[in-house]
Amino acid sequence: MKTLLSVFAVATMMSTISFAADSKFKEGSCCDKAEKAGKKCEHACCVEADKAGKVCEKCNKK
Ligand SMILES: [Zn+2]
Ligand SMILES: [Zn+2]
């Protein structure tokens, strides 16, 4: 039973980590909201950053 619990704990941790790494945008930013809505952010600055393969730093400050 203990083994099963630890496997479950590891699996939960792994999924949490992969979920956190999944979104490259700052939580609550325009890009984050757009992504969650299944779209791309339409802000000019964000579109430019996306073209360059980056994340807009203006809107996604760390
Ligand atoms: Zn944006
Ligand atoms: Zn932006």
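The table below lists the values:
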{"quantity": "Taking only Cα atoms of the chain, radius of gyration then Dmax in Å", "calculated": "16.3, 54"}
{"quantity": "Calculated [θ] (222 nm, deg cm²/dmol) that DSSP helices of n ≥ 4 give over the chain, each run adding -39,500 (n - 2.57)", "calculated": "-18000 deg cm²/dmol"}
{"quantity": "Pairs from Lys36/Lys58; Lys2/Lys33; Lys33/Lys62 whose Cα-Cα separation, in the structure shown, is over 28 Å", "calculated": "Lys2/Lys33"}
{"quantity": "Relative contact order of the chain, defined on C-alpha pairs under 8 angstrom at six or more residues apart (%)", "calculated": "27 percent"}
{"quantity": "Gaussian network model of the chain, Cα within-10 Å springs - most flexible of Lys33, Lys51, Lys24", "calculated": "Lys51"}
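Only the coordinates and a few stated rules stand behind these numbers; no lab work does. Because the structure is predicted, anything quoted here is derived from the model rather than measured.
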